[in-house]
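The next block holds one structure in the form of structure tokens; read it before the comments.
Since every read-out is calculated from the coordinates, none of them should be taken as a lab result. Keep in mind it's a predicted model, so treat the numbers as computed, not measured. For neighbour counting, all protein chains shown are included, and Cβ atoms are generated from backbone atoms with ideal geometry for every residue, glycine included.
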Amino acid sequence: MKDINEWVQDLASDNLVKRTHAAAELGKTGNQEAGPHLTAALRDAVPVVRSEAAYALGELKYKESVNHLVKLLKDEDERVRKSAAKALGMIEARTAVSPLITALDDPSDIVRKSVVRALGQIGDTRAVQYLEKMLKDRSYLVQRESGDALKKLVKKS
């Protein structure tokens with residue numbers, strides 16, 4: 001089994017498969033020392049690496065990455081936007097509530113679903129009125145996730 005330093009080396013590799021795998025594995029280590037390396041990987045030219053790095057930062061609950069993850073909510077790739085939203089929810093990043101609310105307009109159903117879930121995980125009541133509107137989203141999955149998120153918010157208040 002590789003240690004964190006070997007995964008960090010792989011994250012800087014020219015090999016796409018190595019970089020992608022390293023990003024995923026670094027999140028599973030639970031080691032906060034991986035955070036800066038994963039944050040740097042958010043700028044990778046390849047979307048799948050950015051996506052894996054974003055999710056891994058969520059797994060680590062690496063709060064220092066929040067501003068970088070917020071920027072990824074506007075990434076060109078929907079998988080990256082989805083992973084950024086998921087990570088912000090996993091981190092429970094209260095400072096990301098406003099950008100997440102803005103991301104509720106995303107054209108992608110999977111991104112909107114992840115944004116709604118993240119807002120529920122964060123638990124900030126500023127999101128309630130926006131989540132109520134999402135109950136009428138064109139996607140049933142987004143509607144259902146909105147209901148679940150609202151239930152979480154009601155329990156927290």
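Dipole magnitude for the chain: about 740 debye, using +1 per Lys or Arg Cβ and -1 per Asp or Glu Cβ, origin at the Cα centre. What fraction, in whole percent, of alpha-carbon pairs in the stretch 94-157 exceed 14 Å separation? Within the stretch 94-157, distances greater than 14 Å cover 45 percent of Cα pairs. Shown here for the stretch 75-157: trypsin sites (Lys or Arg not before Pro) in loop regions (DSSP other than H, G, I, E, B) with at most 15 other Cβ atoms within 10 Å, namely K136, R138. Which of V80, T102, L57 sits closest to the plus end of the dipole of the stretch 53-116, meaning its Cα is farthest towards the positive end, when Lys and Arg get +1 and Asp and Glu get -1 on the C-beta? Checked the options; the winner is L57. Placing dummy labels 7 Å off each Cα toward the beta-carbon, the span from K28 to R138 is 3.7 nm. In the chain, the longest principal axis of the Cα atoms and the axis of helix 78-91 are about 80 degrees apart. Residues in the stretch 107-115 carry Karplus couplings, in order, of x, 8, 4, 5, 6, 4, 4, 5, 5 Hz; the curve used is 6.51 cos²θ - 1.76 cosθ + 1.60 with θ = phi - 60°, and Gly or Pro positions show x. Note on the stretch 18-82: Kirkwood radius taken over Cα pairs, Stokes-Einstein applied at 37 °C and 0.692 mPa s, translational D equal to 294 µm² s⁻¹. Please report the spacing between the Cα centers of the stretch 14-54 and the stretch 111-151 in Å, no decimals. So the two Cα centres are separated by 28 Å. Taking a quarter of the surface of the Cα convex hull of the chain gives a mean projected area of 8.8 nm².
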